[in-house]
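Asks: Below are the structure tokens for one structure; questions will follow.
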Amino acid sequence: MIELRNVYKTFTRKEIQIDALKGINLKVEKGDIFGVIGYSGAGKSTLIRLVNYLERPTKGQVFVAGHDLGEYNDRELRAAKKNIGMIFQHFNLLESKKVFDNVAIPLVLLKKNKAEIRKRVQELLEFVGLSDKAGSYPSELSGGQKQRVGIARALASNPSILLCDEATSALDPQTTQSILQLLKRINAEYNITVMIITHEMSVIQEICNKVAVMEEGRIIEQGSVLEVFGHPQHETTQNFVKTVIQNSLTPSVQKSIKAEHGKLLYKLNFIGKSASEPILYEMIRSSNIKVNILFANTTEIQEMTLGTVILQLNGDQAEINKALAFLKNNGVGVEEVESYVFDHSNR
Ligand SMILES: Nc1ncnc2c1ncn2[C@@H]1O[C@H](COP(=O)(O)OP(=O)(O)O)[C@@H](O)[C@H]1O
Ligand SMILES: [Mg+2]
């Protein structure tokens, strides 16, 4: 649906070159809710602005629905842009226009007739839950309501792609939730492919099925949300995951095991089915080792359960190896970690 092939973007400001994107490769499939996460300045907004050609790549290609946007003439590009809606952190509404007229803007630009516009705007306002606000001005609305207007406007031309640049970053947690649920509905009911830019891992956890992590103009890690949350490879990704899933020892447990400095601990990752079966119980029952559970946590992602358990195992090494093999055979991820690696994990 959306594909970026070896995309570079360089800005020149006051004779200084800024390489905002350095070789981006990315594929968004139809129906995805694709999240791009990174710290401020990573290049996220630049990336999403390339997808609807608000910016042109310095090098590389951007494909939308199978077409290279770089090959289009102006007329074709205008038509292609109709297929893409976008919402923003600060909503970008026209303050001097009523809600109805804000939502109607794309339809007016498409030269639809009045009756058509009225019908479509009413339909959209109903969908986003703002039928009673058609005559209000943006200044009379809450942040969440303003974003709903932004969403209605973005959907007016019946796009098949919705781009969201930090769409919930100016909202409180509860309003964020309701906007994310609305985006989920848009994806499910209208089969609209959604691309979300954010610096908040909770947004990714809540609604995305795929995620790419950006740092300094590059994608450092990407995959299914379950994969990336379950086994984050890059340190930056691990830091993002930590903001939503506690997966390390609490300070007091850390202190108590410091006496055994350097001793191996085992971090187990349970995903999906392995999280709902009594595998740990079976392991303990069938082996002759002492099992000390130092930490356990479960989180839900993509309607799947992700569990993390940190164990200290005492006993004969051959028995321990047998127990670990049993876990692996039952789909549990097993990672050896030395106790001291936790020393800094709960800063
Ligand atoms: N129009 C522009 N002119 C010059 N530099 C820009 C422009 N847009 C973005 N940049 C620079 O590109 C880098 C990436 O910016 P941006 O894509 O906005 O990051 P993010 O959205 O991840 O915070 C930053 O260093 C930013 O200053
Ligand atoms: Mg940005």
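Asks: Do the conditions hold for L130, that is, is it within 16 Å of ligand 2 (Cβ to nearest atom), modelled with pLDDT of 95 or more and not basic (K, R)?
Replies: no
Asks: Out of all the residues in the stretch 323-337, which are touching a residue at least 40 places away in the same chain (Cβ under 8 Å) and not acidic (D, E)?
Replies: A323, L324, F326, L327, N330, G331, V332, G333, V334, V337
Asks: Return a yes/no flag: does the stretch 76-95 have any residue that is assigned by TED's automatic domain parsing to the domain that holds S160, more than 28 Å from E29 (Cβ to Cβ) and among the aliphatic types (A, V, I, L, M).
Replies: yes
Asks: Can you confirm whether the stretch 75-85 contains a residue that is of a type in the set (A, V, I, L, M, F, W, C) and part of a strand (DSSP E or B)? Spell out how you get there, then give the answer.
Replies: The first filter runs over the stretch 75-85 and keeps only residues of a type in the set (A, V, I, L, M, F, W, C), leaving 77, 79-80, 84.
Going one step further and asking which of them are part of a strand (DSSP E or B), we end up with 84.
Yes, some residue in the stretch 75-85 is of a type in the set (A, V, I, L, M, F, W, C) and part of a strand (DSSP E or B).
Asks: Of these, D32, D19, which one is assigned by TED's automatic domain parsing to the domain that holds I192, within 16 Å of ligand 1 (Cβ to nearest atom), more than 30 Å from R118 (Cα to Cα) and acidic (D, E)?
Replies: Step by step, each of D32, D19 is checked, and only D19 is assigned by TED's automatic domain parsing to the domain that holds I192, within 16 Å of ligand 1 (Cβ to nearest atom), more than 30 Å from R118 (Cα to Cα) and acidic (D, E).
Asks: So if I check each of P106, P57, which one is more than 12 Å from ligand 1 (Cβ to nearest atom), crowded, with 17+ Cβ neighbours inside 10 Å and farther than 24 Å from I220 by Cα?
Replies: P106
Asks: Would you be able to say whether some residue in the stretch 203-218 is among the polar types (S, T, N, Q) and over 11 Å from the mean Cα position of the chain (by Cα)? Write out each step before concluding.
Replies: Step one: filter the stretch 203-218 for residues among the polar types (S, T, N, Q), giving 205, 209.
Okay, now just the ones that are also over 11 Å from the mean Cα position of the chain (by Cα), so none.
No, that holds for no residue.
Asks: Here is a further query. Considering each residue of the stretch 55-94, count those that are modelled with pLDDT of 95 or more and over 27 Å from the mean Cα position of the chain (by Cα), and give that number.
Replies: Of the residues in the stretch 55-94, 1 are modelled with pLDDT of 95 or more and over 27 Å from the mean Cα position of the chain (by Cα).
Asks: Further question: If I ask for residues that are within 13 Å of ligand 2 (Cβ to nearest atom) and either assigned to a strand (DSSP E or B) or not assigned by TED's automatic domain parsing to the domain that holds P106 (or both), which ones from the stretch 38-74 would you list?
Replies: G38
The values are calculated or read from the model by the stated rules, or taken from the named source; none is laboratory data. All of these numbers come straight from a predicted model, not from anything done at the bench. FYI the Cβ positions are ideal-geometry reconstructions off the backbone, even for glycines, and counts take in every protein chain you see.
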